[in-house]
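The values are calculated or read from the model by the stated rules, or taken from the named source; none is laboratory data. This structure is a prediction, so every number in the text was calculated from the model and none was measured. Cβ sites come from the backbone with ideal geometry, for glycine too, and all protein chains shown count toward neighbours.
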Amino acid sequence: MTQGKDAQATHGLAAQKHLERLVMLSDGVFAIAITLSAIEIRPEAGEGLTLWQAWAPSLLAYFLSFFLIGVIWMAHRLIVSHLRDIDGPGTIINMVLLSLVALMPVVVRFALTHSPEQGSYLVYALAFAVLYGGLALLWGYVAFKARLTAHMPPSAMRELLYKLCFAVAFFAAVAAYQLGSLVGTVMCALAALPLRWLAWRQGQPAAAP
C-alpha cells in the first residue's frame, strides 16, 4: 500500500512538472509574439505625411496584435487551468498551436497593410479559424479523449468545447464570405448557430429535482 501511494505521489509530481513546463513554454511563445508585434512599430515612409499618418498604421497593427493574441492566450490559459497532467499527444497539439500563435503578428500586419481585394480579411479570418480550431482540438483531446482535466463538471467541459467550435464556424463563415462562396457562408453560419445555443444550454444551471 505504501509503495503504491509513493508511486502515485511520484507520478503526480512528475505530471505537475510536465504541465508547468508546458505552461511556461506557452506563455513564453505568447510573450514573444507580442514582442515581435512591438518590433514592427516604425513610421511609414512618404513625403508630406503628418505625425499621425506616419505612426498610426504601425501602432494600430501593434495594439490589434496585442488584443487578438491576448484573446487567444486567455482561451489557452482557461484550458490549461483545468488540467492536472499533460501527455505526449497533448503536448504535440499544443506545440502546433504555438507555432501558429507565433505567426499572428505577420497575419495582423498583412491584414492592415493590404486591401480586402488583396485578401486581407480572408487571411485574417482563416488565421483565427485555424487558431480556434487548434484550441478546440487541444481541449477536445485533453478533456474527452485523454481525460486530463481535474474536477470539472461534464457540462462545463462541453460548454467550453462548443464555444471554441462556434468561434471556428464563425471565422470560417467570414472566410467563405470573403471567397465569395454563398453556400459555404450559409453552411458555416448554420453550423455556428446551434453551437452557440448548445454552449448557452450547457451553461445553464441544472433544474432542481
Subset of region 83-119 that is touching a His at 6+ places or on another chain (Cβ under 9 Å) and surrounded by fewer than 18 Cβ atoms within 10 Å (Cβ to Cβ) - its residue that is farthest from Ser181 (Cα to Cα) | Arg84
Which one of the conditions (1) surrounded by 14 or more Cβ atoms within 10 Å (Cβ to Cβ); (2) more than 22 Å from Ile72 (Cα to Cα) does Ala199 fail to meet, given that it meets all the rest?
-> (2)
Could you tell me which of the residues Gly140, Gly119, Gly134, Gly203 is under 30 Å from Ala54 (Cα atoms) and free of Cβ contacts under 8 Å to residues at least 60 places away in the same chain?
-> Gly119
Assess whether Gly140 counts as being within 30 Å of Ile41 (Cα to Cα), under 15 Å from the mean Cα position of the chain (by Cα), surrounded by fewer than 21 Cβ atoms within 10 Å (Cβ to Cβ) and at pLDDT 95 or above.
-> no
Residue count for region 17-76, restricted to those that are polar (S, T, N, Q), at pLDDT below 80 and surrounded by 17 or more Cβ atoms within 10 Å (Cβ to Cβ) = 3
What tally of residues in region 168-189 results from selecting those that are modelled with pLDDT under 95, touching a Phe, Trp or Tyr at 6+ places or on another chain (Cβ under 8 Å) and aliphatic (A, V, I, L, M)?
-> 1
Can you pull out the residues in region 145-165 that are among the aliphatic types (A, V, I, L, M) and surrounded by fewer than 19 Cβ atoms within 10 Å (Cβ to Cβ)?
-> Ala146, Leu148, Ala150, Met152, Ala156
Residue in region 163-181 that is among the charged types (D, E, K, R) and either touching a Leu at 6+ places or on another chain (Cβ under 9 Å) or not in a helix (DSSP H, G or I) (or both) present = yes
Within region 151-159, is there a residue that is farther than 23 Å from Ala192 by Cα and in contact (Cβ under 8 Å) with a residue 12 or more places away in the chain?
-> yes
Can you find even one residue in region 35-43 that is assigned to a helix (DSSP H, G or I), closer than 24 Å to Thr113 by Cα and under 16 Å from the mean Cα position of the chain (by Cα)?
-> no
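Name the residue, out of Ala191, Ala169, Ala176, that is more than 17 Å from Ala136 (Cβ to Cβ), surrounded by 13 or more Cβ atoms within 10 Å (Cβ to Cβ), small (Gly, Ala, Ser) and free of Cβ contacts under 8 Å to residues at least 40 places away in the same chain.
Ala176
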